[in-house]
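Below is one structure; the comments refer to it alone.
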């Protein structure tokens with residue numbers, strides 16, 4: 001079989017196919033070097049603090065897999081469970097976060113409510129009484145945290161290779177072969193590769209690749225930007241998110257502050273930053289953490305996001321026999337790599353969805369069974 005995409009989900013799928021299901025006749029195709037796509041362009045956050053019960057179960061499986069991943073791969077991916085802290089700024093947000101925390105607790109997932117004073121103790125830099133959006137409290141998942149993104153790519157790649165998987169770099173897919181029975185293989189920049197099973201794990205390029213097989217997906221592509229500052233002394237030992245705007249920040253082992261914001265509202269495949277988003281993110285950062293005003297930003301970059309119509313991912317068979325889709329990850333792609341790879345491998349090996357990912361089937365959109373985490377509706381740019 002062929003997996004298109006040598007990022008986190010493609011490599012994880014190949015690894016679990018080989019190690020959990022004994023399927024080693026697998027080729028992972030990547031149009032460039034592995035690790036240079038979205039798996040290396042994110043803000044490295046892992047968590048399972050979702051609201052929809054099915055999503056909580058899925059991302060909690062992923063978080064548990066993260067906790068044992070270094071031993072599984074025999075590779076240091078630098079899992080740091082420093083905690084993920086979501087701040088709230090209104091009574092309505094307090095109610096919403098309380099509902100989310102209660103749902104998580106009912107499902108056996110860790111969640112703690114923090115007072116204003118507890119937030120200040122945990123993050124002394126926070127300006128609780130800032131003039132725009134005073135902080136009323138927070139919602140902490142202690143087991144959340146960060147993982148070194150490039151280490152994840154190399155860890156899965158090395159382990160998959162050792163298990164018998166072939167990883168082919170600089171091999172761009174230019175077409176998908178199919179006949180009346182289904183997929184027959186892929187045309188690539190290095191020739192035709194025959195396969196009766198094909199998995200697309202290409203994030204923001206999902207729609208482009210699916211179109212080669214005659215499919216139109218309920219996915220749009222947007223750019224999500226990230227930033228890193230100069231290295232400074234330790235000032236932040238949790239992942240912090242801003243409830244009054246889409247802003248999140250953590251401090252890396254090298255001392256740089258890694259932060260990001262919302263996606264740009266227009267469709268694009270550009271992997272680059274823009275000045276308006278830099279201004280928006282900087283404004284949120286300085287409002288919440290005024291002490292960062294004099295910190296210099298070193299780099300800004302973008303990753304192309306596969307935004308689904310309901311804000312939840314797709315792990316599913318498609319109407320084309322033999323074609324499997326792993327996509328529509330929105331903001332959750334990196335944190336879901338272990339569970340995404342494991343459940344996609346299960347689907348390929350057994351022909352039926354893994355129980356924890358059964359709700360992520362493609363036909364949910366036609367049937368009206370959407371998994372709308374934020375309750376926003378069919379607007380990909382809003383999720």
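Structure data summary
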| read-out | value |
| --- | --- |
| Radius of gyration and Dmax over the Cα atoms of region 182-237, both given in Å | 19.0, 56 |
| Ranked packing of 279-291, 6-18, most packed first, by mean Cβ within 10 Å | 6-18, 279-291 |
| Cα-based Rg and Dmax for region 285-331, where Dmax is the largest Cα-Cα distance (Å) | 18.8, 56 |
| Packing-based order for 141-153, 234-246, 94-106, using average beta carbon neighbours within 10 Å, highest first | 141-153, 234-246, 94-106 |
| Counting DSSP beta bridges with both ends in the chain, the antiparallel % (nearest 5) | 75 percent |
| Region 114-270: relative contact order as a whole-number percent, Cα under 8 Å and 6+ apart | 15 percent |
| The chain - percent relative contact order, Cα under 8 Å, separation 6 or more | 23 percent |
| Relative frequency of Cα-Cα separations exceeding 15 Å in region 129-220, percent | 75 percent |
| Residue order, fewest to most beta carbons within 10 Å, for 199, 161 | 161, 199 |
| Per residue Cα convex hull volume in Å³ - calculated over region 284-383 | 144 Å³ |
| Convex hull per residue volume in Å³, alpha carbons only, for region 324-377 | 91 Å³ |
| Rg/Rh ratio calculated on Cα atoms of region 1-89 (Kirkwood radius) | 1.01 |
| Protection-proxy order for peptides 77-88, 184-195, each taking the mean of Cβ atoms within 10 Å per residue, highest first | 77-88, 184-195 |
| Acute angle (nearest 10 degrees) that the helix 91-106 long axis makes with the longest principal axis of the chain, alpha-carbon atoms | 50 degrees |
| Helix 275-288 axis, angle to the chain major axis (alpha carbon atoms, nearest 10°) | 40 degrees |
| Pairwise centroid distance, computed over Cα atoms, of region 316-370 with region 201-250, Å | 19 Å |
| Column: log10 I(q)/I(0), Debye, Cα scatterers of the chain, q = 0.06, 0.07, 0.14 Å⁻¹ | -0.22, -0.30, -1.21 |
| Diffusion constant of region 226-326 at 10 °C, which comes from Stokes-Einstein with the Kirkwood Cα-pair radius and 1.306 mPa s, µm²/s | 102 µm²/s |
| Using alpha-carbon coordinates, inclination of helix 53-67 to the longest axis of the chain, degrees | 90 degrees |
| Ascending count of other beta-carbon atoms within 10 Å, so fewest first, for 207, 252, 308 | 252, 207, 308 |
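Just so you know, all these numbers are worked out from the coordinates, no wet-lab data involved. Quick caveat, the model's predicted, so the values are computed rather than measured. Methodologically, a virtual Cβ is constructed for each residue, glycine included, from the backbone with ideal geometry; neighbour enumeration extends over all protein chains shown.
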